[in-house]
Structure formats: C-alpha cells, structure tokens
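The block underneath contains the structure these notes are about, expressed in structure tokens.
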Amino acid sequence: MPGSLVTRFAPSPTGALHLGHAFSAIQAHDRARRAGGTFLLRIEDIDGTRSRPEHVQGIFDDLATLGLTWDGAASFQSARLAVYEQSLSRLRDKGLLYPCFCTRADIAASGAAPHGSAGAVYPGTCRMLDPATRRARLAAEPHAWRIDMARAVAAIGGTGGLAWHDELAGVVQADPLAHGDVVLARKDAPASYHLAVTVDDAAQGVTHIVRGVDLFEATHVHRVLQALLDLPVPLYRHHALLTDAAGNRLAKRNGAPTLASLYAAGQDGPALADMLRRGQTPPGFALPRD
Ligand code: GLU
C-alpha cells in the first residue's frame, strides 16, 4: 500500500549530532520519501540526567540544515514514561521481571563475561534472592527491573518464532538468551532503551527500522519484547557505520566533529546530504559498503 511505510530517526539528545547521525537520518528519511511514506523524528530523552534541551534544538537545526523534513511534531520519550510503566506492569504481572539492586561495580566484581558492545551479561545475582530478602530490599534500596530472560523465552514458547527480517543480513534468528537478563527499567527512569524503543516503534506504527549496525544486537532483545507485549514486528535495516579515515566509528565521546562544526566551517547542508547519498564523504571520513 503506497504511503504506509513508516521510518524514524531516534537520536538521544545527550550530545551534538555528528556525521554518522546525518548518514543514518538520511537513510531513514530517504527510504520513507522514496516510498511516499512517513518519516518520524523521536527524541530519546528518557535519560533525564544526560539529555539537554540545547541538544534537542541542535538536532532540529542540524537535520533542517541538511534539508531533511520530518512528518508531524517530534515525539519525546520523556513525555511517555507512564506508557512504559504500563508495559512494565504487564511484564511484571506475568512474573517475568525482578528488581535488581546491583551497582555497575557489583557486576564488574562478579566476573561476568564481557558480551560485545552491550557490556557484561548480567550474572543473575538478584534473580536468586530469596523472596523475603527481595521484599525487604525492594522497600529500602534503589533498584532497576530486569527481565528474567529464560522465563520470558519459556513464556513465548521458545525462540522458534523469533526471527526477524533484516534487509542486509537476511533472516536472523533471535538469540535473546545470549543477552541475559537485560534491564527494562533503570534505577533512575521507569524504562530502559530496550523497552522504550520497542514500545514506541509499535505505538508510532514504524514499519521499517533503519538504524546503524551498532544496534543490531539489541534487536535480539526487542524481538522478545514484541512477542511478550503482542507488538508487530517491523522490517529492519541495520546499515554499516560511517567511520573516520582510520575506520574507527564516530562517537560523541571520542570527540567526533559535530555537524554544527562542519556547517560552521562552511559546509553546505544539502550538498553534504547529497554527497553522502552518492557514497562520498568530506575529507577525514569513510563510508563502508553495506
Ligand atoms: N536513541 C538511540 C541512539 O541514539 C537510537 C535508537 C534506535 O534507533 O533504535 O543510539
């Protein structure tokens, strides 16, 4: 059906956008525009301590300068915390969540095996607490909520039905157990990235998730949440990442030059967007082939 394709760009306003963000936003935007579909902008600002209004404004300005337009007003995850809480309650009522009191240091000290970019797989320390201890600590200590992944997988009858179609990787069989008991609600927010992004993509009718391959692994977790919450499964395209000339991925924390600094140095926005569309970059960057 023409017009029914929906994509989105979902940046976190925790820093200024860099060229890698532009590359990703252009792909999602153009995908929708080519199909006469809808392109949404969602500000992923559940992290109240790291999100900044000036970065939200920077996202609007940087995308507009590139010549990208989005449909409707941008949505803000910080306005949807009650919705995430509802999904969390559903999962809690099914007995699939448990409170976790561990600090990062506790988890590091437990010798948990490192697991790709997602950090360590949680060793399950708080899953094994006896009910009385759990109740007492729940009343007294800050806690996150983790999904009991083995139970969750059992609740949906195993991982057999959990494949997803990725336009670049093909049919991918989800392996959520490899990710362990991930956090669904943080100590400081009633949702984690995994929960908020899955709930929002469904609520906004996103049909095609176009995002960087750095988020490929997260999809294993998102597939389980979709199955548990009866949400539709979108099509995925995890694109290769734009890098610096040495092949290192761009990151805010590594001081990647911001889009604003490229514009300030005289780079024209629409010309930059067209350059990326043609598979070229300004000097100092490199675009891999998908
Ligand atoms: N907010 C996420 C980020 O900035 C992206 C979310 C997504 O595309 O699924 O990395």
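Heavy-atom accessible surface of the chain, averaged per residue, reaches 45 Å², computed with a 1.4 Å probe.
With all protein chains in place and a 1.4 Å probe, the accessible surface of the chain carries 56 percent carbon and sulfur.
In angstrom, the C-alpha Rg and Dmax of the chain are 19.8, 63.
Looking at the range 240-290, the trypsin sites (Lys or Arg not before Pro) that sit in a DSSP loop and have at most 15 other Cβ atoms within 10 Å of their own Cβ are R278, R289. Could you compute the net charge surrounding F285? Neighbours are other residues with a C-beta less than 12 Å from the C-beta of F285; K and R count +1, D and E count -1. Result for the local shell: 0. Please state the shape class of the range 195-290: rounded when a/c is under 1.5, otherwise prolate if a/b exceeds b/c and oblate if not, all from the C-alpha gyration tensor. It comes out prolate by the Cα gyration axes.
Semi-axes of the equivalent ellipsoid of the range 148-251 are 24, 17, 14 Å, computed as sqrt(5λ) over the eigenvalues of the C-alpha gyration tensor in descending order.
Across the range 1-87, the relative contact order, built from alpha-carbon pairs under 8 Å that are at least six residues apart, equals 36 percent.
Loop-located trypsin sites (Lys or Arg not before Pro) in the range 1-87 (DSSP state not H, G, I, E or B) with no more than 12 neighbouring Cβ atoms inside 10 Å: R50. Relative contact order of the range 95-231, taken over Cα pairs closer than 8 Å and 6 or more residues apart, is 25 percent. Relative to the dominant Cα principal axis of the chain, helix 19-34 is inclined by about 80°. Answer rounded, prolate or oblate for the range 243-290, using the Cα gyration tensor with square roots of eigenvalues a ≥ b ≥ c: rounded when a/c is under 1.5, else prolate when a/b is larger than b/c, else oblate. The shape class here is oblate. A286 to K187: FRET efficiency via 1/(1 + (r/R0)^6), r the Cβ-Cβ distance, R0 51 Å, to the nearest 0.05? Given R0 = 51 Å and the Cβ-Cβ separation, E is 0.85. Cysteine residues of the chain whose Cβ has no partner cysteine Cβ closer than 4.7 Å: C102.
Extension gain for A260 to V171 (0.36 nm times residue separation, less C-alpha to C-alpha distance): 28.3 nm.
For the chain, the longest principal axis of the Cα atoms and the long axis of helix 193-203 meet at an angle of about 70 degrees.
Counted residue by residue at 0.36 nm each, then reduced by the alpha carbon distance between them, the extension gain from A132 to A82 reaches 15.1 nm.
Looking at the range 130-172, the pairs of alpha carbons with a distance over 12 Å make up 74% of the total. Sparse packing (at most 16 other Cβ atoms within 10 Å of the Cβ) combined with a DSSP loop state is found for none of the GluC sites (Glu not before Pro) in the range 11-111.
Computed extension length for D230-A155: 25.8 nm, one decimal, from 0.36 nm per residue of separation with the Cα-Cα distance subtracted. The Kirkwood hydrodynamic radius of the range 10-69, based on inverse pair distances between different Cα atoms, is 12.0 Å.
The values are calculated or read from the model by the stated rules, or taken from the named source; none is laboratory data. Bear in mind the structure is a predicted one, so any value in this text is a computation, not a measurement. When we count neighbours, we look across all protein chains shown, and the Cβ atoms used for this are built from the backbone with ideal geometry, even at glycine. These accessible areas exclude ligands, DNA and RNA; they are computed on the full protein's heavy atoms, side chains included. Shrake-Rupley method; radii C 1.70, N 1.55, O 1.52, S 1.80 Å.
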